[in-house]
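Let me begin by presenting the structure, written as structure tokens, before commenting on it.
Only the coordinates and a few stated rules stand behind these numbers; no lab work does. Please read all numbers here as calculations on a predicted model, not as lab measurements. Cβ sites come from the backbone with ideal geometry, for glycine too, and all protein chains shown count toward neighbours.
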Amino acid sequence: MNRREFLKSIGFGAAVLVMPGCTSAQRKTITTGKENKRLNFVFFLIDDLGWTDVGCFGSDFYETPNINRLASEGMKFTDAYAACPVCSPTRASILTGKYPARLGITQWIGGPNTPTAYLHYMPLEEVIISEALKEAGYATGFVGKWHLGSKDYYPEHQGFDVNIGGDYSGAPPTYFYPYKRGNRALEMMPPGGEEGEYLTDRLTDESLKFLEANKGKPFLLYLSHYAVHTPIQAKEELIEKYKAKAEKMPGIDGERFTKVYGRYKTRRVQDNPAFAGMVHSVDESVGRIMKKLEDMGAAENTVVIFMSDNGGLSTVAREGPTSNLPLRAGKGWLYEGGIREPMIIKWPGVVKPGSVCSEPVTSTDFYPTMLEMAGLAQKKKQHVDGVSLVGLLKSTGRPRRKAIYWHYPHYHGSGNRPSGAVRAGDYKLIEWYEDKSIELYNLKNDISEEHDLAGEMPQKAAELQKMLHRWQKQVKAKMPASEPRDDLKVFQEARRKQKQ
Ligand SMILES: [Ca+2]
């Protein structure tokens, strides 16, 4: 597949580009209010799932029929972003409607506090989306990965009636029952389970129980899968299935990796059978939940959202499990591979099935969107960085926003250095904090960020850099301390030892 074919396959074709915003939607009235039928929400948050890690966003190796069906029943966002290229900050941005820089949660919690100190928990004072919905009478269920602070900050203290499996950690010790390794066990798992049980399946089982228990009530199910984060572990039969598929794939011409930065390389192909098995199990989870909604008679009254928290893990010193091509780099970077996500929203009766939206949107936007969908008052002092996407979903208007911003003042094991970025229209600027050097890209012509335009278009670059600096001041973004190199040295040292 060449790039044009690829872009076409993910809905980036000419028809979408000439039409700003989104393809038109049916304008039916939703059935709320009089019928006393409140809109339910199921929010699938997948961990480390890259932009091209599902079939409907371009993968021809991973099989995701259920996620593809969700896209065919809803709206696919081609330019949707995570607010950060690592876990915790994006998670906090979804729940609070605020940029990670404003919250001060700029790093994955547990990660190095240098060169920039960050907040290691999501404050209880934040009135998060679960609290807003609970206040409005919703049953609220949290299942899966939390990674937003220690015990006092767990989901049950943040407006969730139920917390299954959500603890301080960013990854399970293992994906297999009893989810223990050495001294470390996944907390908050209810009793039960058996040998061979797989975490993604178990979290789905628990979600089905939550849905069953809350039949007839308005509900929010926030199913935050640990998958497809490391450790890369899948069910044996799925590994075998994808091994056989990988063996039949045409040989890779040339290197398995493409160079990104010095010794950090990004994977060229998607061919890892265990990773494919993990994606497969996530897809089954989506299918089982959708079937349950249908069986309960709730499908027509339930909004289903599908999102990931950062780009696919691809750019690492050792071999990364996936490839984000044609996007540059992966998790940990502010290049598109680190932040662009396969986002889908199904809103029955409102969103035209199979529609595609190319408007840039970001993870702070879910909060005001969900409130507006539910017919609830906006909490303007809370979700200050989010804009409602309801106009896009109904094709009645585009959000009034000039730009989307990122702030990641940290080093990352993928090779990233402290940086910030802004996207305004088709242009994106990245600033490297160590030396204030910049790169400018036109994403419409150059989705792979291969042609730095900073030299050719100094005025555009200066304009975007000024916007970025103004925003940093506005949100009081913490910048790296003046001597920022310590943890990079530690990382490089560890790498050197690994090589020996
Ligand atoms: Ca993640």
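Quick notes on this one:
- Local electrostatic count, A424, Cβ distance below 10 Å [Lys/Arg +1, Asp/Glu -1]: +3
- Across K402/K460; K346/K444; K134/K476; K37/K381; K331/K466; K243/K265, pairs whose alpha-carbon gap is larger than 19 Å: K346/K444; K134/K476; K37/K381; K331/K466; K243/K265
- The modelled label-to-label distance for the pair E187/H469, using points 7 Å beyond Cα in the direction of Cβ, is 4.3 nm.
- Between the C-alpha center of region 154-216 and that of region 380-430 there is a gap of 31 Å.
- Lys/Arg +1, Asp/Glu -1 at C-beta; the chain dipole; positive extreme among L49, F160, Q472: Q472
- Span-like helix ranges in the chain, DSSP H, alpha carbon extent 15 angstrom or more, Kyte mean at least -1.0: 199-213, 273-295
- Test item: Cα-centred dipole of region 111-204, Lys/Arg +1 and Asp/Glu -1 on Cβ, debye: 360 debye
- Remark on A139: its backbone amide H falls under 5 Å from those of F219, L220, a criterion applied only to residues 5 or more positions apart or on other chains, H modelled at 1.01 Å from N.
- FRET efficiency for A117 and A246, using Cβ-Cβ distance with R0 set to 41 Å, rounded to 0.05: 0.40
- Full extension of the chain between A171 and D205 yields a length gain of 10.3 nm, computed as 0.36 nm times the residue separation minus the alpha carbon distance.
- q = 0.13, 0.15 Å⁻¹: log10 I(q)/I(0) that the Debye formula gives for region 38-397, counting C-alpha atoms only: -1.00, -1.38
- Over all other residues within a Cβ to Cβ distance under 14 Å of L376, the charged ones net out to +1, with Lys and Arg as +1 and Asp and Glu as -1.
- Cα→Cβ-extended label distance, 7 Å offset, between E372 and N445, nm: 3.3 nm
- Rounded to the nearest 20 debye, dipole of region 38-397 from Cβ charges on Lys, Arg, Asp, Glu: 680 debye
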